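J.: First the structure, then my questions, so here it is.
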Amino acid sequence: MKHSVFLLLILLFGALSPLHAQHVGYKQYTVADGLVQSEVTKLHQDQKGFIWVGTKMGISRFDGITFETIRDSANVLRSVIWFMDNLNDSALIVLTSRGYGLITYEKTGMRIKAEPLSEPFLSFWIRNGKAEILTTQGEDLAVIAIDHTGLHTQKVPFPGLSNEEFFSRTRCRNYYASKYGDFNFLDLERLLAP
């Protein structure tokens, strides 16, 4: 008898539970909804709550209802989006396969500054309101810093490394580099210190 009552209670609660269950909303967004392209490479939510969607063909900003495709005159942002992050409360940095874009919120809307980068970049990070990009310039290494004022380049004084090196990022801005059996430690914090 106890088992029958227990079984009856389980069936009763099982039958009633869908009435009280929470249903999580789900919606798949596509190009038909305004997304610039369907292959998403990066997602980022900024301080204002907008969702930035990086794809293989550009970037869209989503306000929860509609998508806005972000364009620039040089078509730098109309390429593969590799990285997005906030530089500060009002600026977003975007690194693409063609260069970088700096999107700044202003009182009248958004200001978009985009420039191509001819050098391939090895790695990047955000520090003190700047996007810093480790790149090669010929046989030298350089760090390109991008902030609200624009682009600044500083060569890295580390002889013997070239664009054929293999770089592996560890913690923060430290890198290990090797080539043909050699092994080097690249401490960018110390090398770039004033």
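J.: Lys and Arg at +1, Asp and Glu at -1: add these up for the other residues within a Cβ distance under 10 Å of Val53 and post the number.
T.: +2
J.: So, one more: Spelling out what I want: for every residue of the range 73-83, take phi, set θ = phi - 60°, compute 6.51 cos²θ - 1.76 cosθ + 1.60 (Karplus), and round to whole Hz; glycine and proline get x.
T.: Once θ is set to phi - 60°, the couplings for the range 73-83 become 5, 8, 6, 5, 7, 9, 7, 5, 8, 9, 7 Hz.
J.: Under a Cβ-Cβ cut-off of 11 Å, what is the net charge of the residues other than Glu115 that fall near it, where Lys and Arg count +1 and Asp and Glu count -1?
T.: Net local charge, Glu115 excluded: +1.
J.: Quick one: order Met110, Met84, Met57 from most to least accessible surface, probe 1.4 Å. Before the final figure, lay out each step's value.
T.: On the way: Met110 60, Met84 15, Met57 85 Å².
Largest to smallest exposure gives the sequence Met57, Met110, Met84.
J.: Turning to a different aspect of this structure: Could you tell me the accessible area of Val80 in Å² (1.4 Å probe, neighbours in place), rounded to the nearest ten?
T.: 40
J.: Subtracting the Cα-Cα distance from 0.36 nm times the residue separation, let me have the gained length for Val40 to Lys107 in nm, one decimal.
T.: Length gained, Val40 through Lys107: 21.2 nm.
J.: Where the only charges are on Cβ atoms (+1 Lys, Arg; -1 Asp, Glu), what is the dipole of the range 95-150 about its Cα centre, to the nearest 20 debye? Don't jump to the answer; show the numbers that get you there.
T.: Working: 6 positive and 7 negative charges, 75 e Å.
Magnitude of the dipole: close to 360 debye.
J.: While we're here: Under a crude label model (7 Å from the Cα following the beta-carbon direction), how far is Asn88 from Asn75 in nanometres?
T.: 3.3
The values are calculated or read from the model by the stated rules, or taken from the named source; none is laboratory data. It should be emphasised that the depicted structure is a prediction, and the values quoted were computed from it without experimental measurement. Cβ coordinates were reconstructed from backbone atoms using ideal geometry, including for glycine residues, and neighbour counts include every protein chain displayed. Keep in mind that these areas ignore ligands, DNA and RNA; they rest on the heavy atoms of the full protein, side chains included. Shrake-Rupley method; radii C 1.70, N 1.55, O 1.52, S 1.80 Å.
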